[in-house]
Amino acid sequence: MNLKSLPKIELHLHLEGAAPANFIKNLATQKHIDVSKIFNQLGQYQFDNFKHFLSVYEAATTVLQSPDDFYKLTKCVLEECAKNHVVYVETFVSPEFCGGNDIVSWKEYLSAICEASEESEASFGIISRGIATCIRHLGPNSAKDTAKCAVETGGEWLVGFGMAGDETFGQAKDYVYSFDLAREAGLKLTSHAGEWGGSESVRSTVNQLGVQRVGHGVQSINDDELIQSLIEQQIVLEVCPGSNVFLGLYPDLQSHPIKTLRDRGVMVTVSTDDPPFFQTSMDQEYESLASCFGWSEDDFLELNRVALDAAFCDKKTKEKIAKMFKF
Ligand code: ADE
Ligand code: ZN
């Protein structure tokens, strides 16, 4: 089976987290910013654990300082996605890193990102949409500002609101206001949960924030009642196996719960999260899953069908993507 040529849908990709190490290094050199400590001798991002990863991630974003930087980043990231035969991708982008949650600045950044998205669709055939993402450990007030940015700019490209960052900070209920604001404006919702926070974190995220999808959600595996309710409520998990293994959540792919969750009837999808940080790609993820779990082309087709149903874009766009799969 040639998995490489299979079309793919990716629902969980952080735009800043998809910045290749060299992209960040070159920008840093141009701007005379010293970020050398975030790279190892091979020139890769280096970190020891999840919290360290978050600080390296934030250090990398400090060199992304203008709409033009985000324009170039978006083009670079989408070209790489297209090389992996990704035909549709939803990228998380944080207004916090695009002018500090200021609405006027955010609009300028967003316009540059949208321009890059349109150009990439024309040149590489890849369709992309965005999810404005608040950063949990920056607290509920910052999340409200992000939600306001999202609400002001929701539309054809910006289709969702989400939350990333340190899941052990605060509680889901602290962010209800922001998610309510985004929902009332017609945005679709997702939040990271059940990566580091246990099944209780998934339960409160689903019940209190009213999300349609959960980023990771893999800790649900320890909670039969939760699994049943995810199935009943048709909540989709954005699973990122390579990310979970690289960050040490599971010792290897064999121990990862994606197969068990899927076999039990939970709707799962496959994404990379932050590919250069975790030294992965969509091609790599598919190949690893195929060799570890024996998944066939039909299994991947079914995963993509789930992803298409769960995508936040409009019906017309979904019909266009469906044609690329011959669904
Ligand atoms: N931001 C980027 N990647 C993340 C992850 N895996 N978990 C939480 N926040 C993130
Ligand atoms: Zn993520």
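The values are calculated or read from the model by the stated rules, or taken from the named source; none is laboratory data. This one's a predicted model, so the numbers in the text were calculated from it and none came from an experiment. Cβ placement follows ideal geometry from the backbone for every residue including glycine, while neighbour counts extend to all protein chains displayed. These area figures cover heavy atoms from the full protein model, side chains too; ligands, DNA and RNA do not enter into them. Shrake-Rupley method; radii C 1.70, N 1.55, O 1.52, S 1.80 Å.
Computed from label points 7 Å out along Cα-Cβ, the spacing between Trp157 and Glu121 is 1.0 nm. Pick out, from Thr260, Phe300, Ser128, the residue whose Cα sits farthest towards the positive end of the charge dipole of the chain, with +1 on the Cβ of Lys and Arg and -1 on the Cβ of Asp and Glu. Sorting the options by dipole projection puts first Ser128. Note on the stretch 227-327: Cα convex hull, mean projected area over all directions, 7.0 nm².
Backbone phi angles across the stretch 66-79, fed through the Karplus curve with coefficients 6.51, -1.76 and 1.60 (θ = phi - 60°), yield HN-Hα couplings of 8, x, 5, 4, 6, 4, 5, 4, 4, 4, 4, 5, 5, 4 Hz in residue order; Gly and Pro are listed as x.
Would you mind getting me the FRET efficiency between Gln233 and Leu42? Use the beta-carbon distance for r and R0 = 56 Å, nearest 0.05. Efficiency, from the Cβ-Cβ distance: 0.80.
Measuring how big the stretch 57-128 is from its alpha-carbon positions, Rg and Dmax come out at 12.2, 35 Å. Surface calculation, 1.4 Å probe, protein heavy atoms: Glu16 sits at approximately 10 Å² accessible.
Residues whose amide H lies under 5 Å from that of Ile127, counting only those 5 or more places away or on a different chain, are Tyr88, Val89; hydrogens are built 1.01 Å from N in the peptide plane. Calculated from the alpha-carbon coordinates, the stretch 118-199 shows an Rg and a Dmax of 14.0, 43 Å respectively.
Projecting the Cα atoms of Ser5, Met282, Ala147 onto the charge dipole of the chain, computed from C-beta unit charges around the Cα centre, puts Ser5 farthest toward the positive end.
Taking chymotrypsin sites (Phe, Trp or Tyr not before Pro) across the stretch 257-317, none is in a DSSP loop with at most 14 further Cβ atoms lying within 10 angstrom of its Cβ.
Taking all protein chains together, Arg136, Arg203 sort by accessible area into Arg203, Arg136, largest first [probe 1.4 Å].
Annotation: amide H-H contacts under 5 Å for Met163 (H modelled 1.01 Å from N, sequence separation of 5 or more, or interchain): Cys134, Thr190, Ser191, His192. Sites listed here are trypsin sites (Lys or Arg not before Pro) in the stretch 256-327 whose DSSP assignment is loop and whose Cβ has at most 10 other Cβ atoms within 10 Å: Lys326. Phi angles of the stretch 300-310 translate, via the Karplus equation with coefficients 6.51, -1.76, 1.60 and θ = phi - 60°, into HN-Hα couplings of 5, 5, 5, 4, 6, 5, 4, 5, 5, 4, 8 Hz per residue; Gly and Pro are given as x. Size descriptors for the chain, from the alpha-carbon set: Rg then Dmax equal 18.2, 53 Å. For the chain, the solvent-accessible area of protein heavy atoms averages 41 Å² per residue (probe radius 1.4 Å; ligands and nucleic acids excluded). Rg ratio for the stretch 181-255: its Cα radius of gyration over 2.2 N^0.38 Å, N being its residue count, equals 1.13.
Counting only Cα atoms, the stretch 1-80 measures 45, 31, 22 Å along its principal axes, largest extent leading.
Result for the chain in a Gaussian network model with C-alpha springs under 10 Å: among Ala307, Ala18, Ala112, the largest mean-square fluctuation is at Ala112.
In this structure, the amide hydrogen of Gln46, modeled 1.01 Å from its nitrogen in the peptide plane, lies closer than 5 angstrom to those of Phe39, Asn40, counting only residues at least 5 positions away or on a different chain.
Accessible surface of the chain, 1.4 Å probe: 48 percent of it comes from carbon and sulfur atoms. Cβ-Cβ distance of Glu184 and Lys315, R₀ of 25 Å, FRET efficiency by 1/(1 + (r/R0)^6): the value works out to about 0.75. In the chain, the calculated helix contribution to ellipticity at 222 nm averages -14500 deg cm²/dmol per residue, counting -39,500 (n - 2.57) for every DSSP H run with n ≥ 4.
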